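A.B. asks: I'd like to ask some things about the structure below.
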Amino acid sequence: MIVAFGTINVDMVTAVPRFPVPGETVKGRDYQLFPGGKGANQAVAAALAGARVMLVGCVGRDGFADVALAGAKAIGVDLSRVRRSDSPTGAQMIAVDPTGENLMIGADAANRAARAEQLDGIVGPGVTLLTQNSLGTTEVERAIARAHAAGARVVYNAAPSEPIAEAAFAASDVVVVNEHEARGYAAKFGLPPDFRTFAEAAAARFATVVIVTLGPRGLLAARPGAATLVGAPPPVVAVDSTGAGDALCGALAAALDRGETLETALRQGLAAGALACRETGAQTSFRDLAEIRRFAAEAVLEPA
């Protein structure tokens, strides 16, 4: 089982002709509301990729809470550990340009009430904790420590870049960052700034798999004591990259949770991330395991 601990939001998405500069207004013609948040997104992605999933986090008592949880509820994610807060449900405002790139501004709101104690009694052997930095370093560090001590696998998407303790990396089985985040952690941990040398040095120091995602160029996976892997996703026409990283993390965690090899998990993560770029929105663009497996056959993964 996968336990996803992270933010639960409503995403307000609008297509814009270009991104604004400070002080400038750029308007989209319309907007759409989608369920979002890195915790909920990764929970939905993992469930669609075949895993049994529990979502742990916090929403408000407002009408947006139902929107934020709709995607997870529709596919049977266990919501019994989602708390309600008097703060409003978290929200993310997302602008998407004609190339599919996005610009985001968010408000944590109810997510700030999520606590690592919500994991008590549900993490242990046979369970994979899937978490991110979106809830802030204090609760994420505590959640990772709890899961590791209980014997659970930890897949840690260390995003966004935060002043996280080295112990969180060391207690994780797999760490996923993007290029920007890799540079931030390299500076914090005194490691080389180049993403490849950072990943290899971090994998050796923390005895964990370190994956650096590279957008449309794919990913690099450094393994302690083994050759580094470089992967390229299947080609797609990108419409909106929102949620692509979450799709990758969810599919990767689901594959590892059911006992697939790291190589298979990486291929399926690449496929899931690419598939998520083909439509607007995050959860609504995620695909199921059958389609992920078909697409994964087109992904390229090799030692380099």
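A.B. asks: Suppose the filter is among the aliphatic types (A, V, I, L, M) and free of Cβ contacts under 8 Å to residues at least 12 places away in the same chain; does Ala74 pass it?
C.D. replies: In short, yes.
A.B. asks: Can you pull out the residues in the stretch 1-40 that are closer than 17 Å to Thr284 by Cβ, part of a loop (DSSP other than H, G, I, E, B) and not aromatic (Phe, Trp, Tyr)?
C.D. replies: Ile8, Asp30, Gly37, listed by residue number.
A.B. asks: Ok, one more. Could you check Val212 against (1) surrounded by fewer than 17 Cβ atoms within 10 Å (Cβ to Cβ); (2) farther than 20 Å from Phe5 by Cα; (3) in contact with an Asp or Glu (Cβ under 8 Å, 6 or more places away or on another chain) and say which number it fails?
C.D. replies: (1)
A.B. asks: Let me ask something else. Which of the residues belonging to the stretch 1-35 are more than 25 Å from Phe64 (Cα to Cα) and among the aromatic types (Phe, Trp, Tyr)?
C.D. replies: Passing the criteria: only Phe19.
A.B. asks: While we're looking at this one, here's another question. In the stretch 71-82, what residues are loosely packed, with under 14 Cβ neighbours inside 10 Å and outside any helix (DSSP H, G or I)?
C.D. replies: Gly76, Ser80 - these are the residues of the stretch 71-82 that are loosely packed, with under 14 Cβ neighbours inside 10 Å and outside any helix (DSSP H, G or I).
A.B. asks: Which one is nearest to Arg112 (Cα to Cα), of the residues in the stretch 1-30 that are hydroxyl-bearing (Ser, Thr, Tyr) and surrounded by 10 or more Cβ atoms within 10 Å (Cβ to Cβ)?
C.D. replies: The residue in question is Thr7.
A.B. asks: To continue, here is another question. State all residues of the stretch 55-70 that are outside any loop (DSSP other than H, G, I, E, B), modelled with pLDDT of 95 or more and surrounded by fewer than 24 Cβ atoms within 10 Å (Cβ to Cβ); if no residue qualifies, say none.
C.D. replies: Residues satisfying the conditions are Gly60, Phe64, Ala65, Asp66, Val67, Leu69, Ala70.
A.B. asks: Quick check on this structure: which one of Ala95, Ala47, Ala43 is closer than 24 Å to Val236 by Cβ, touching a residue at least 24 places away in the same chain (Cβ under 8 Å), in a strand (DSSP E or B) and not charged (D, E, K, R)?
C.D. replies: Ala95
A.B. asks: Only one of these is among the small types (Gly, Ala, Ser), more than 18 Å from Gly250 (Cβ to Cβ) and surrounded by 15 or more Cβ atoms within 10 Å (Cβ to Cβ): Ala91, Ala143. Name it.
C.D. replies: The match here is Ala91.
A.B. asks: Related question: With the requirement that a residue be within 20 Å of the chain's Cα centre (by Cα) and basic (Lys, Arg), what does the stretch 193-222 give you?
C.D. replies: Within the stretch 193-222, Arg217 is the sole residue that qualifies.
A.B. asks: When the stretch 104-136 is examined, which residues are found to be assigned to a loop (DSSP other than H, G, I, E, B), closer than 25 Å to Ala91 by Cβ and in contact (Cβ under 8 Å) with a residue 60 or more places away in the chain?
C.D. replies: Asp108, Ala114, Ser134, Leu135
A.B. asks: If you don't mind, there's one more thing I want to ask. Any residue in the stretch 198-209 that is closer than 16 Å to Lys188 by Cα sitting within a Cβ distance under 6 Å of a residue that is part of a helix (DSSP H, G or I) and not acidic (Asp, Glu)? List the pairs, counting only those 6 or more apart or interchain.
C.D. replies: From residues that are closer than 16 Å to Lys188 by Cα, the pairs are Phe198/Ala182; Phe198/Ala186; Phe206/Phe169; Phe206/Ala170.
A.B. asks: I've got another one for you. Across the stretch 236-288, what is the number of residues that are assigned to a loop (DSSP other than H, G, I, E, B) and either buried (at least 24 other Cβ atoms within 10 Å of the Cβ) or touching a residue at least 40 places away in the same chain (Cβ under 8 Å) (or both)?
C.D. replies: 16
A.B. asks: Regarding Val123, is this residue crowded, with 23+ Cβ neighbours inside 10 Å and at pLDDT 95 or above?
C.D. replies: The answer is yes for Val123.
The values are calculated or read from the model by the stated rules, or taken from the named source; none is laboratory data. Every value quoted in this text rests on a predicted model; they were computed, and no experiment measured them. Glycine also receives a Cβ, built like all others from the backbone with ideal geometry; neighbour counts cover every protein chain displayed.
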